[in-house]
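**Q** Before I ask anything, let me first share the structure, which is written out below as structure tokens.
The values are calculated or read from the model by the stated rules, or taken from the named source; none is laboratory data. Only a predicted model underlies this, so the values are computations on that prediction, with no experimental measurement involved. A quick note on method: Cβ atoms are made from the backbone with ideal geometry, for glycine too, and the neighbour counts reach across all protein chains shown.
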Amino acid sequence: MIGVSREVGRVRIGELARTTGTTARALRHYEQAGMISSERASNGYRVYDERAVVRVRNIRHLLAAGLTLDDVRVFLPCLDGDVVAAPPSDRGLRVALERLAILNQRIAAQTETRDRLETALRRATGGRIRPVA
């Protein structure tokens, strides 16, 4: 069992946040989005099944990889297992490839904007600028 909880197999929101390296606010957001669920203890606190630790870690892993919470919905059926080691599904790969394409488009647009700004600054200063890293 994780942490100290009065209910066997249950963790409070603060414990779940600490254990998974996230915040209570993020957990409430995941819950509102239907990614995790909780119950209310007799004192009114949110309590989660301790299996939520794996689910939250998987959600965070997928978000850190660049997916959005909406993208992560595709992975709901497998969030309670080892998402990292599991073979990717066709649908999961499709979502990830679509997200990669969107990110590449955004990067290209930002690069074009940066280049236009740099060109304008060079013209305005007679080429005496040095871009800030």
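**Q** Does any residue in region 30-57 that is without any contact (Cβ under 8 Å) to a residue 24 or more places away in the chain and surrounded by 15 or more Cβ atoms within 10 Å (Cβ to Cβ) come within less than 9 Å, Cβ to Cβ, of a residue that is assigned to a helix (DSSP H, G or I) and not charged (D, E, K, R) six or more places away or on a different chain, and which pairs are these?
**A** Ile36/Leu16; Ile36/Leu27; Ile36/Tyr30; Ile36/Ala52; Ile36/Val56; Ile36/Ile59
**Q** Which of (1) touching a strand residue (DSSP E or B) at 6+ places or on another chain (Cβ under 7 Å); (2) modelled with pLDDT of 95 or more does Thr22 not meet, given it meets every other one?
**A** Of (1) touching a strand residue (DSSP E or B) at 6+ places or on another chain (Cβ under 7 Å); (2) modelled with pLDDT of 95 or more, only one is false for Thr22: (1).
**Q** Considering region 34-78 alone, what residues qualify as being among the charged types (D, E, K, R) and within 20 Å of Gly14 (Cα to Cα)?
**A** Glu39, Arg40, Arg46, Asp49, Glu50, Arg51, Arg55, Arg57, Arg60
**Q** Taking region 30-55 as the search range and keeping residues that are closer than 25 Å to Leu67 by Cα and part of a loop (DSSP other than H, G, I, E, B), which one is modelled with the lowest pLDDT?
**A** Glu50
**Q** Do the conditions hold for Thr23, that is, is it polar (S, T, N, Q), surrounded by fewer than 12 Cβ atoms within 10 Å (Cβ to Cβ) and without any contact (Cβ under 8 Å) to a residue 12 or more places away in the chain?
**A** In short, no.
**Q** Please find, within region 87-107, the residue that is farthest from Val54 (Cα to Cα) out of those that are in contact with a helix residue (DSSP H, G or I) (Cβ under 6 Å, 6 or more places away or on another chain) and surrounded by 12 or more Cβ atoms within 10 Å (Cβ to Cβ).
**A** Arg99
**Q** If Asp82 meets every condition in (1) closer than 30 Å to Arg130 by Cβ; (2) within 17 Å of the chain's Cα centre (by Cα); (3) among the charged types (D, E, K, R) apart from one, which number is that one?
**A** Of (1) closer than 30 Å to Arg130 by Cβ; (2) within 17 Å of the chain's Cα centre (by Cα); (3) among the charged types (D, E, K, R), only one is false for Asp82: (1).
**Q** Something else about it: Does region 20-27 contain any residue that is hydroxyl-bearing (Ser, Thr, Tyr) and not in a loop (DSSP other than H, G, I, E, B)?
**A** yes
**Q** Sticking with this structure for a sec: For region 74-100, which positions are among the charged types (D, E, K, R), out of contact with any Asp or Glu (no Cβ under 9 Å at 6 or more places or on another chain) and modelled with pLDDT of 95 or more?
**A** Hit for region 74-100 is Arg94, nothing else.
**Q** Of all residues being under 13 Å from Val84 (Cβ atoms) and in contact (Cβ under 8 Å) with a residue 24 or more places away in the chain in region 58-68, which is surrounded by the fewest Cβ atoms within 10 Å (Cβ to Cβ)? Just the residue, please.
**A** Filtering region 58-68 for residues that are under 13 Å from Val84 (Cβ atoms) and in contact (Cβ under 8 Å) with a residue 24 or more places away in the chain, the one surrounded by the fewest Cβ atoms within 10 Å (Cβ to Cβ) comes out as Ala65.
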